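Derivation of every value follows stated rules applied to the coordinates shown; laboratory data play no part. Computed from a predicted structure; not experimentally measured. Neighbour counts run over all protein chains shown; Cβ positions are idealised from the backbone, glycine included.
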Amino acid sequence: MVTEESVYEAIKEIIDPEIGINIVDMGLIYDVDINDTTIDITMTLTSPGCPAGGQLVNGTQHVTQQLDGVEEVNVSVVWTPRWTPELMSEDAKDELGIF
């Protein structure tokens, strides 16, 4: 059975190509909801015009779909709450020199 932790670990494989940090540590994943074999992921992007947006959403869906026991993955992109650097993990902030 898939767990929330295993979903987050899989999604960490997706690196924001503009920043070079995985999207979990970037704070782009807002929620993971597991309902039997269906995974619903709520995420955002750094901006509505993010040129890598499609790549990040498709990558998130693809790596999650590869987990054992997963039959369906739904990724929803939301704009509320708005992404800010404060959502980043401490490791990501350190890597980018944000204090």
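To the nearest ten degrees, helix 53-65 and the longest principal axis of the Cα atoms of the chain are 40 degrees apart.
Look at the alpha carbon pairs under 8 Å that are at least 6 residues apart: their mean separation over the length of the chain gives a relative contact order of 31 percent.
Which entry in (i) 35, 25, 23; (ii) 39, 25, 22; (iii) 32, 24, 23 is this structure's computed Cα extents along the principal axes in Å? So the structure-derived entry is (ii). For a modelled paramagnetic label at Ser47, 7 Å from Cα along Cα-to-Cβ, the residues of region 71-89 in reach, with backbone nitrogen under 14 Å, are 83-85. Highest GNM mean-square fluctuation among Gly59, Gly49, Gly20, for the chain modelled with Cα contacts below 10 Å: Gly49. Express in whole angstrom the spacing between the alpha-carbon centres of region 46-62 and region 1-33. Answer, in whole Å: 12.
Rounded to the nearest whole Hz, the Karplus-based 3J(HN,Hα) values (6.51 cos²θ - 1.76 cosθ + 1.60, θ = phi - 60°) of region 12-25 follow the sequence 4, 5, 8, 9, 5, x, 7, 10, x, 10, 5, 6, 6, 5, with x at glycine and proline. A helix-only calculation puts the chain at -8000 deg cm²/dmol for mean residue ellipticity at 222 nm, using -39500 (n - 2.57) for each DSSP H run of at least four residues, averaged over all residues.
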